[in-house]
Amino acid sequence: MGNQRKLGAVLSYLNIIAKNLVTFLYTPFLLRFVGQANYGLFQMTNSVMVSLSLLSMGFSSAYVKFYITYKVEENYRQLRKLNALYLILFGCISVIALIIGTILVLNTGAIFGRSLSASEIQLTKYLMAIMVLDVAITFISSVFDSNITVNEQFIFQQSRQLMQTFLVPMICIPLVFMGVGVLSIEITQISVTTLFLILNINYCIRKLNMHFDFTNIDFSLLKDLGIFSFFIFLNQIVDLVNNNVPNFILGMFQGAKMVATFAIAVQVKNMFFMLSTSLSNVFVPRVNKLVNLEKGTDVLTDLMIKVGRIQMALLFLF
């Protein structure tokens, strides 16, 4: 597991470098060939759809905590039931996302009618429809992604994300040249999301022996999951407001071109954000395990100092 964390951290930062290199080459290409207004429509629509991610309510983080608790106790029967409960839970969330997303698509004109033309509203509808499906698939995939995280399979996880970083422009650019326009961004995204859902399922079941037990599921566990997830959910709301509401407001009152300009500035900000969170994400399962093994606070403090020192050095460098 130590090698998984070390190589996972290295791959994580390679992924950040690759993502930013691709972004600073890919974004100007999109602005030139799909147009600033259409790119702004994509960013504005994406901000609306990202709000559906709140439906997860922090349950993915709770999965890590409860999974490790059962694993430390060697309660493998309860682990199988937890997996089944999460698959049912995120399946329901996926359906709810589809319903809410459909309502948003049908009311696109009412939401953005004052700042967008009729053709822009129609294009926004198409973008939102594809994004709704993408969000629904992502919720199902998150069950398996959480299992990969909790088993500290960071090499696979980060390698997959690195592949995604390069795969998106490789698929999208030919579609743009074929005349698909800004829709090519979302067609690419949903294609990649579906591909990695299949990869996640295959890896979890074949490599990690992820099993499900749908008999006598203890749904009362949802109460404990909800209590643990509540503060994570609050944090998600704050992040959503800070990162996505400005695009939504600009789209309503200023139009798509202003959204495109603002979105580029946000991408620069996100570069620093990723630098600060990538390393700490690798240590989330480790921290949960230390807590369940009832290690002293000194052990946790030493770990936090170690991680914080590396993060500080990287951020100060940039």
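The values are calculated or read from the model by the stated rules, or taken from the named source; none is laboratory data. The shown structure was predicted, so the numbers you read here are calculated from the model rather than taken from an experiment. Neighbour counts run over all protein chains shown; Cβ positions are idealised from the backbone, glycine included. Note: accessible area is taken over every heavy atom of the protein model, side chains too, but ligands, DNA and RNA are not part of it. Shrake-Rupley method; radii C 1.70, N 1.55, O 1.52, S 1.80 Å.
In straight-distance terms, cross-link reach from Lys257 covers every one of the aspartates and glutamates whose alpha-carbon lies under 12 Å from its own, apart from those fewer than eight places away in the same chain; here that gives Glu120. Candidates Phe24, Leu89, Met131 compared by Cα position along the dipole of the chain: farthest toward the positive end lies Phe24, with charges placed on Cβ.
Going by alpha carbons, how many degrees (0 to 90, nearest 10) lie between the helix axis of 76-106 and the longest principal axis of the chain? On a 0 to 90 degree scale, this one is about 10.
The solvent-accessible area of Ile68, taken with every protein chain present and a 1.4 Å probe, is close to 10 Å². With the simple model of a label 7 Å out from the Cα in the direction of the Cβ, Val95 to Asn242 spans 3.5 nm.
Comparing Cα centroids, segment 143-214 and segment 296-318 end up 30 angstrom apart.
Using a 1.4 Å probe, what is the accessible area per residue for segment 91-229, in Å²?
47 Å²
Ranked by solvent-accessible area (1.4 Å probe, protein heavy atoms only, all chains present), the residues Phe29, Phe228 order from largest to smallest as Phe228, Phe29. Among 297-308, 169-180, 124-135, 94-105, sorting by the average number of other beta carbon atoms lying within 10 angstrom of each residue, highest first, gives 124-135, 94-105, 169-180, 297-308. Computed over the chain, relative contact order equals 36 percent, with contacts defined as Cα pairs under 8 Å that lie 6+ residues apart. From the Cα gyration tensor of segment 1-53, with a ≥ b ≥ c the square roots of its eigenvalues, which class applies: rounded if a/c is under 1.5, or else prolate if a/b is larger than b/c, or else oblate? Note, shape of segment 1-53 comes out oblate.
Taking 23 Å as the straight-line reach from the Cα of Lys6, the lysines in range (excluding those fewer than 8 positions away in the same chain) are Lys19, Lys65, Lys71, Lys207, Lys289, Lys295, Lys306. The listed residues Lys207, Lys19, once ranked by accessible area (1.4 Å probe) with the largest placed first, stand as Lys207, Lys19. Only helices enter the 222 nm calculation for the chain: every DSSP H run of n ≥ 4 contributes -39,500 (n - 2.57), and dividing by all residues gives -28500 deg cm²/dmol, rounded to 500. Matching the structure-derived Rg and Dmax of the Cα atoms in Å against the labelled list (i) 31.5, 114; (ii) 31.5, 102; (iii) 20.6, 62 gives the label (iii).
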